[in-house]
Amino acid sequence: MNAAELDGRIGEGWGGVKPNGSHVNVVLAARGGPTFAAAVGMFAHPSPGHTPVLVCIGPDEARYEPIWPPTLMMNKATARDEQHETMTWGAAQLGIGQGVLDAVADGLIEATGDLLVLVAVWIDSRADDETAVREAARTATRKALGVCVTGRDPAAAARLVTERDSLTNPFYSGR
């Protein structure tokens, strides 16, 4: 599938176990399109505690290189201290990069500059295992990209409609 066909597709993924799990939302954007422009606009307007970054890998800063396709990540949870920053912009960034490259290796997306991958990532502020966070972000990103490209199972969407009155959420404690 080419970048234009993927433009605006959205996916979600979870990996790992709290507090070292990772939740991502992914949006794909084709170069030159409105989704791409919106993503680049987000990149240019950081806010305190929320820093968009171009996902890069490398053993040290002097040898950083961006993964391909270009991937922008933004943290959903405000980075509150040095450990949370390390987990987010270190472990999660590496895992996101690996997840995108897994999708390329699997033939889901192409390693091209015509596609931009935008990833919003949540990392628990209590996360304490860099390797677990990296693996969780990798799993979550690859899963979300799969949803972007292949879509949702129609039976899953129908099930949600059927069960809508009994649905739950881990952040909701009401009845």
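The values are calculated or read from the model by the stated rules, or taken from the named source; none is laboratory data. Keep in mind the model is a prediction, meaning the values are calculated, not measured. Every residue, glycine among them, receives a Cβ derived from its backbone with ideal geometry; neighbour counts consider all protein chains shown. For accessibility, only protein heavy atoms count, side chains too; no ligands or nucleic acids. Shrake-Rupley method; radii C 1.70, N 1.55, O 1.52, S 1.80 Å.
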Round to the nearest 0.05 the FRET efficiency obtained for THR78 and THR112 when R0 = 30 Å and r is the Cβ-Cβ distance. 0.35
TM-like helix rule applied to the chain (DSSP H, alpha carbon span at least 27 Å on the long axis, mean Kyte-Doolittle at least -1.0) gives 130-150
The chain, relative contact order in percent, only Cα pairs under 8 angstrom and at least six apart counted: 34 percent
Quickly rank 158-166, 54-62, 121-129 as a protection proxy: mean count of other C-beta atoms within 10 Å, highest first. 121-129, 54-62, 158-166
If you take every DSSP beta bridge whose two residues both sit in region 1-143, what share of them, in percent to the nearest 5, is antiparallel? 80 percent
Taking a ≥ b ≥ c as the square roots of the eigenvalues of the Cα gyration tensor of region 44-91, is the shape rounded (a/c under 1.5), prolate (a/b larger than b/c) or oblate? oblate
So for region 87-175, using the alpha carbon gyration tensor with a ≥ b ≥ c as root eigenvalues (a/c under 1.5 gives rounded; past that, a/b versus b/c decides prolate or oblate), I'd call it oblate
Please report the accessible area of HIS45 (heavy atoms, 1.4 Å probe, ligands and nucleic acids excluded) in Å², nearest 10. 140 Å²
222 nm [θ] for the chain, helices only, -39500 (n - 2.57) per DSSP H run of 4+, per residue, to 500? -10500 deg cm²/dmol
How large a share of the accessible area of the chain, in percent, is made up of carbon and sulfur atoms when the probe is 1.4 Å and the other protein chains stay in place? 54 percent
Suppose the chain between HIS50 and VAL104 were pulled fully straight at 0.36 nm per residue; how much longer would it get relative to their current alpha carbon spacing? 16.7 nm
Between rounded, prolate and oblate, where does the chain land on the alpha carbon gyration tensor, with a ≥ b ≥ c its root eigenvalues, rounded for a/c under 1.5, else prolate if a/b exceeds b/c? oblate
